[in-house]
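What follows is a single structure, written as structure tokens, with notes after it.
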Amino acid sequence: MNKSIIRTRAIISILICMMIFTAYGCSAKDSKKSTSSNSSTSQNDKAAETKADNKTDTTTDTKANNTTDTKVNAPTAPKVNTTTGTSDAEDLIKVPDKIVYFNKGKQTVIDKKNKKFDKIVKLVRARVTSANDIYKTSMTSREIEKQEKSNNVVEFIYTSKVTMNWKYGKDNKSDCKLVYNSIVFPLDGQYSKMAIFTPTSAGPIGPLKDPKELLNYIKN
């Protein structure tokens, strides 16, 4: 009887131990599963954060690059032209409609059909330099007539009035408005290095280069 009881108790103890081990194993398995799940969630969250950061950085970089590219590749705005006049000989000395040569009062008209016309214009323009200035004293019409009667003079005549601004002086910083319909170029005498614009209140422009080459060409 006693052996039977002992045997029964032993079996019960074994069953209890098995139940305890089984319960412990399930608990450990659930804990491991929970830990694994939490770890997976943490990794997923971390990956999501990294992805978000990368996206933000990429967006920021792209935006910065686009801004930089736009700034670099943007067309340059044209510079404002603050020049109100010109110091160019071709602009100052327009091609006349006709040329009159005075040889001590004797007139010779040279029109555009004359083979000397273009050469005379070229030689006159070649006498203008960047150092030319405007004389303070203007020439009267009587003084001009006197020059034409007593000296060699070339006159450029324009059928339409010419209006322009002439840049002159140091670094061409000064400006003078010229309104004229003829330019007189004495080729000898005390005014031989002047260009006289008529009619205008401004003084002659000069000093021009020596007129010797021009005078020799006209005479020959």
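Restricting attention to segment 179-217, the residues being surrounded by 15 or more Cβ atoms within 10 Å (Cβ to Cβ), under 25 Å from Ser160 (Cα atoms) and not hydrophobic (A, V, I, L, M, F, W, C) number 9. Just to verify a result, which residue in segment 103-121, among those that are of a type in the set (D, E, K, R) and surrounded by fewer than 13 Cβ atoms within 10 Å (Cβ to Cβ), is nearest to the chain's Cα centre (by Cα)? Among those residues, the one meeting the criterion is Asp118. The number of residues in segment 146-161 that are closer than 19 Å to Pro96 by Cβ and exposed (fewer than 13 other Cβ atoms within 10 Å of the Cβ) comes to 3.
Here, each number is a calculation from the coordinates, and none is a lab measurement. Just so you know, these numbers come straight off a predicted model, no measurement behind them. Note: ideal-geometry Cβ built from the backbone for every residue, glycine included; neighbour counts use all protein chains shown.
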